[in-house]
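Enquirer: What follows is a structure written as C-alpha cells; I'll ask about it next.
No lab work stands behind these numbers, since they all come straight from the coordinates. The model shown is predicted, which means the values in this text are computed figures rather than measured ones. So basically every Cβ, Gly included, is an ideal-geometry build from the backbone, and we count neighbours across all protein chains shown.
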Amino acid sequence: MSQYKKNSIKLLGAIGLGTGVMISAGIFALLGQVAELGGKYFPFIFIIGGIVTGFSAYSYQKLSQAYPSAGGIGMYLVKEYGKGTLAAFAALLMAFSMVINQSLVARTFGTYTLQLFDINQNSIWVPILGVGLLIFAFLVNISGNTFIQSFTSVISLLKIIGLLIFAGAGLIVANFSFQPAESSGQSPETTITSFIAAIALTILSFKGFTTLTNQGEEIENPKKNVGRAILFSILISLFVYILIAWAVSSNLSIGKIIEKKDFALAAAAEPALGNLGVWFTVIIAIIATISGIIASVFAVSRMLAMLTDMKLIPHRHFGMPGSIQRHTLVYTIVIAMILTIFFDLSRIASMGAILYLIMDMIIHWGLLTKLKEKVEANLFVVGAAFTLDAIVLTAFVWVKIQSDLLIVIVSLVVLILTFIGEKLFIQKLKNNS
C-alpha cells in the first residue's frame, strides 16, 4: 500500500498547493488563448469562468466533507458508481487532465524563460527546458510532504506578490483605465459560441482546486479544511486573474495579445515597464510555473497510487524499487515529458479542457443521481454545475471542430481507448476473483 501521512498538510500549505497549481498555466499560458476566442472583453471571461468553477467546487466540497480521502476524486467516483468501468474511466480522465496540465506548465516555463535570451519560441529549447523542469519537480516530490508544502507555500506567495506588482504597474501606466483592448482589422471575429468556448480555458485555469481533494486524509482536519482551502484558492486566483487580464488589456491591442499569446504577459510588460518589466515578468513566470508543476505532480501521483491500491487501474513495477506512490510519480513525469516534447501550448490546453470537463460532468451526475440520499447537497446547485459544464464543453468542441479538428479526434481516441482499456481490465479482475 502507498504511504499517506495524515495531518501532514496544514491549511496554509493546502492553499499554497491549490494556488500553486492554478496561478501558473492559468494566467501565463492561457490568457492569450482566451483572448483569441473571447475577443476584447476577455477579462470578463475569467470572472465567468470563476463563477462556473464555483458551482463545480460546491460538489467537490460536499464530497470531500462526506468522504475525506487521499484518493480524492478517485474515491468520490467509487462512492458514486462503485468499483466499475465508469468510475475508473472518469478517474483516469482526471489524472490525464492533470498530467496534460503539467506539460502545459512545462512548455510555458520554456517559452517564458527563452524571452530572457531573445530566442524564438519555436526553438527546440522550449521542450528541453520543459523536460528539465519536470525532472526538477520529480526530485522535489521525492523529498516528502513537509518540504513540498513549505516550498509551494512560500513560492506561491512570492509569485502572487510579483503578479500584483505587475498588474498594479500596468494599470498605473494605463491611468487605471479599464477599457477593453483595442481591436484591429486583423483580429478574429468573436461570436457567442467562441465567447462561451473561451470559458472552457478559464475553467482549466481554475481546475487546480481539484488538487486539494487528492490530499484529503493528508490535510489537517480535512472535513473543514479541504473546503476552506478550495474556497480561498479560487478567490485568490480569481482576484489575481482579473487584475492581470485588465493590465494586459490596457497595454496591448487584442491583435498583439493574440500574436504573443504564448507569452502575452511578458509582451504586455514591455510597453508598461520597459525591458526591466519584461525581465521581472519572466522571472515571476518561472517562479509560478515551478511551483505549479511541483504541486500538480504531487497531487496526480498520489491519485494514481490510490487508484492502483483500489485496483481500478493496472500497475507494473518495471523493476523499480520503492512504493507504488513512487512508481506513479515516475509514470506521471514520463507521460508529461512526452506531451511536452510533441504538443504545442494550444493543443495541450484544448485536450486538457475537453477531458477535464467530461470528468467534471460525471462527478456532478453521480452526486445528483447516485448520492443524493447520502450526501447533503443542494441539488439545484449541482444540477447547475452539470448544465454549465455541458454548455461550455459543447461550445468549445464545436469551435475546435472548425479550427483544429485533429485535437478533437485525438481527444476522442483517448476517450475511447481509455474506456475500452478500463473495461477489459475490470472484467479481467472480475474473472480472476
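Enquirer: Output the 0 to 90 degree angle, nearest 10, between the alpha-carbon long axis of helix 379-403 and the longest principal axis computed from the alpha carbons of the chain.
Expert: Taking the Cα atoms of the chain, the angle to 379-403 is about 60 degrees.
Enquirer: Relative contact order, percent, of region 274-415 when contacts are C-alpha pairs under 8 Å separated by at least 6 residues?
Expert: Relative contact order of region 274-415: 18 percent.
Enquirer: Assuming a ≥ b ≥ c are the square roots of the Cα gyration tensor eigenvalues, decide whether the chain counts as rounded (a/c under 1.5), prolate (otherwise, with a/b larger than b/c) or oblate.
Expert: In terms of gyration-tensor shape, prolate.
Enquirer: I would also like to ask the following. Given contacts defined as C-alpha pairs under 8 Å and at least six residues apart, what's the relative contact order of the chain, whole-number percent?
Expert: Computed value for the chain: 35 percent relative contact order.
Enquirer: Hey, got the dipole for the chain? About the Cα centre, +1 on K and R Cβ, -1 on D and E Cβ, debye to the nearest 20?
Expert: For the chain, the charge dipole is close to 1280 debye.
Enquirer: Could you work out how much longer the chain between Ser123 and Ile47 gets when fully extended? Use 0.36 nm per residue separation minus the Cα distance between them, nm to one decimal.
Expert: That works out to 24.0 nm of additional length.
Enquirer: I would also like to ask the following. Quick one: length gained pulling Ile192 to Ile391 fully straight, 0.36 nm per residue minus the C-alpha distance?
Expert: 70.5 nm
Enquirer: Then there's this: So which lysines pass the test for Lys261, namely a Cα distance under 27 Å, with those fewer than 8 places away in the same chain ruled out?
Expert: Lys40, Lys159, Lys207, Lys400
Enquirer: Checking the a/c ratio against 1.5 first, then a/b against b/c, what shape does the Cα gyration tensor give for region 199-272?
Expert: Working: a/c = 3.67, a/b = 2.87, b/c = 1.28.
Since a/c reaches 1.5 and a/b is larger than b/c, the shape of region 199-272 is classed as prolate.
Enquirer: While we're looking at this one, here's another question. Do the alpha carbons of any pairs in Lys62/Lys374; Lys311/Lys423; Lys311/Lys430; Lys223/Lys374; Lys374/Lys430 sit beyond 21 Å of each other, and which pairs? Please list the in-between numbers first.
Expert: Working: Lys62/Lys374 11 Å; Lys311/Lys423 13 Å; Lys311/Lys430 11 Å; Lys223/Lys374 16 Å; Lys374/Lys430 27 Å.
Exceeds cut-off: Lys374/Lys430.
Enquirer: Work out, step by step, the length gained on full extension between Leu406 and Gln65: first 0.36 nm times the residue separation, then minus their alpha carbon distance; give nm to one decimal.
Expert: Values: separation 341, 0.36 × 341 = 122.76 nm, distance 4.00 nm.
Length gained, Leu406 through Gln65: 118.8 nm.
Enquirer: Simple spin-label model, 7 Å along Cα-to-Cβ: Leu424 to Glu376 in nm?
Expert: 4.6 nm
Enquirer: Arranged by the count of other C-beta atoms within 10 angstrom, fewest first, what order do Asp360, Asp309 take?
Expert: Asp309, Asp360
Enquirer: Follow-up. Return a whole-number percent for the relative contact order of region 351-409, with Cα pairs under 8 Å and 6 or more residues apart as the contact set. Walk me through the intermediate numbers first.
Expert: Numbers: 30 pairs, mean separation 23.8, N = 59.
Relative contact order comes out at 40 percent.
Enquirer: Please give the helix 11-28 orientation as an angle from the longest Cα principal axis of the chain, in degrees from 0 to 90, rounded to the nearest 10.
Expert: The helix 11-28 is inclined about 50 degrees to the chain.
Enquirer: Rank by packing, highest mean first: peptides 199-209, 259-269, with packing defined as the count of other Cβ atoms within 10 Å averaged across residues.
Expert: Ranking the peptides 199-209, 259-269 by packing returns 199-209, 259-269.
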